[in-house]
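As structure tokens, the structure follows; a few thoughts come after it.
The values are calculated or read from the model by the stated rules, or taken from the named source; none is laboratory data. Not measured: the values here are computed from a predicted model. Don't worry about glycine lacking a Cβ; one is built from the backbone with ideal geometry, like all the others, and counts go over all protein chains shown. Ligands, DNA and RNA are stripped out before the accessible areas are found, and what is left, the full protein with its side chains, is counted by its heavy atoms. Shrake-Rupley method; radii C 1.70, N 1.55, O 1.52, S 1.80 Å.
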Amino acid sequence: GVDGYLWIAYDWGFTDPTHIVLVQQRGEAYYGFDELVGSNRSEREWVREIVRRVIALPDYVGPDWIAWEKIWQSESWPEPWPAVWPQAVGDPSAVQMRAEFKDHGINAARPALVKHEVEQGQDVLRAAILSGDGLRRLFLHPTKCAQTIRALSNYRAREMADGSFDPRPDPDPANHAFSHGCDSLRYLFWRLRRSLGIHEGETE
């Protein structure tokens, strides 16, 4: 991996919350340093807010906001491209979100690279948080990613009648509220699983 590389992990929703985590890659470790969470905003508004956050980063060197607005209108992309610039990975069903990323100069992973079964994806995300050999790959800022941490801390599996737990999430709406932060990171780490040597849950 490239030190300092930026990833956008996203799970899009309109009435359901959208959950976006900005993640910096350093070697094989991934540091969530910012998040955007909320409802009733268009895909374009979310993508533009992401760009605002990227422009504000200390190491960003490139067009300012006014310049980007002109670039998006003309689609005459900057030369050279900013060295600090993200790539997006998220909800494979969010067609419009991917289109907005593309229109704003951000590459978004194709659905085929992201789509997976929930249980397999959860295994990969767990391995990124803490693998069997004690190697932790995912770190989250305690205050700037507080809602993401809350989601990971509270999202629970369905408890069965015999006291055991189903591998699938509890369908209770109160539990579903925590799914979006988990899902955004699940999409990202499923995309990255091979480069990290994580193969849990694969059926090949």
With each label point set 7 Å from Cα along the Cα-Cβ vector, what nm distance links Q96 and F139?
3.8 nm
For segment 56-71, take each phi angle, set θ = phi - 60°, evaluate the Karplus expression 6.51 cos²θ - 1.76 cosθ + 1.60, and give the result in whole Hz per residue in order, putting x for glycine and proline.
7, 5, x, 8, 5, 10, x, x, 7, 4, 4, 5, 4, 4, 5, 4
Extension gain (nm, one decimal) between R150 and N40, 0.36 nm per residue minus Cα-Cα:
37.5 nm
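Applying a 10 Å radius around every beta-carbon, put 24-33, 8-17, 184-193 in order of their mean neighbour count, most first. Please report the intermediate quantities before stating the final value.
On the way: 24-33: 16.9, 8-17: 20.0, 184-193: 25.2.
So the order, starting with the most tightly packed, is 184-193, 8-17, 24-33.
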Put a dot 7 Å past each Cα toward the Cβ at W85 and I55; how far apart are the dots in nm?
1.5 nm
Ranking by accessible area, most exposed first, for T143, T18 with a 1.4 Å probe:
T143, T18
Which value, in Å² and to the nearest 10, is the accessible area of E45 when all protein chains are kept and the probe is 1.4 Å?
90 Å²
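What does the charge add up to near V114, with Lys and Arg as +1, Asp and Glu as -1, over the other residues with Cβ less than 14 Å from its Cβ? Write out the running numbers ahead of the final one.
Details: positive: R98, R110, K115, R186, R191, R193, R194; negative: D11, D91, E117, D183.
Once positives and negatives cancel, what remains is +3.
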